[in-house]
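K.L.:
Got a structure here, written out as C-alpha cells. Questions coming.
We did not get these values from a lab; they are worked out from the coordinates using the rules stated. It should be emphasised that the depicted structure is a prediction, and the values quoted were computed from it without experimental measurement. Ideal geometry is used to build each Cβ from the backbone, glycine not excepted, and the neighbour counts take in all protein chains shown.
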Amino acid sequence: MSDVGTRNSRPLSPHLQIYKPIFTMVMSIVHRITGCALYFGTILMVWWLVAAAAGPDYFNFVNDLYGSILGRLVLFGFTWALLHHMLGGLRHFIWDMGHGFGPQAREWLARASLIGSVSLTILLWVVGYAVR
C-alpha cells in the first residue's frame, strides 16, 4: 500500500546534519564518547593489575610502558575522560532532580563540566607528581 511518492514526503528524523551544533549538544556527544573511552581505560587498568599479579618483571614492563611519554599521555586522557564523564553524570543527576533545564542553566552546567574536568585533571596530575 505504500507509495514511493508518499514515503519521500514523510518528515526526516532529526540528525546532526540538520541541527546547528551548539555547545550543550557537543558536550552531550563528548559525554557519550568519554563513556566509550572509559572501556578502553578500564582495560588498561586491568592490564596493570594483572601485571602486578604476574610478577615483578612483567609489572616493571607495564610500568615502563605506562611511564613513557605516550603512556602518560594516554593516562592523562583517561583521567580527563573519567572526570569529564563523572561531571557529566552529575549534570544529568541535576536534571533528574528537575533542575537546570533553563537555557542559561543548561549552558552553565555544560561549561562547568568542561572547565571542571580540565581543571580537576590538571590538579590531580600536579598533586600526583608533587606527592611522588
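K.L.:
With n ≥ 4 as the cut-off for DSSP H runs, can you work out [θ] at 222 nm for the chain, using -39500 (n - 2.57) per run divided by the number of residues, rounded to the nearest 500?
P.N.:
-28000 deg cm²/dmol
K.L.:
Then there's this: Compute the angle between helix 69-96 and the longest alpha-carbon principal axis of the chain, please, reported from 0 to 90 degrees and rounded to the nearest 10.
P.N.:
For helix 69-96, the angle is close to 50 degrees.
K.L.:
Still on this structure: For a protection proxy built on the mean count of beta-carbon atoms within 10 angstrom, sort 56-64, 73-81 highest first, please.
P.N.:
Put in order of decreasing packing, that is 73-81, 56-64.
K.L.:
Still on this structure: Working only with C-alpha atoms, what are the Rg and Dmax values of region 37-79, expressed in angstrom?
P.N.:
10.3, 28
K.L.:
Which of these values of percent of Cα pairs over 24 Å apart was calculated from the structure shown: (1) 50; (2) 34; (3) 41?
P.N.:
This structure yields the entry labelled (1).
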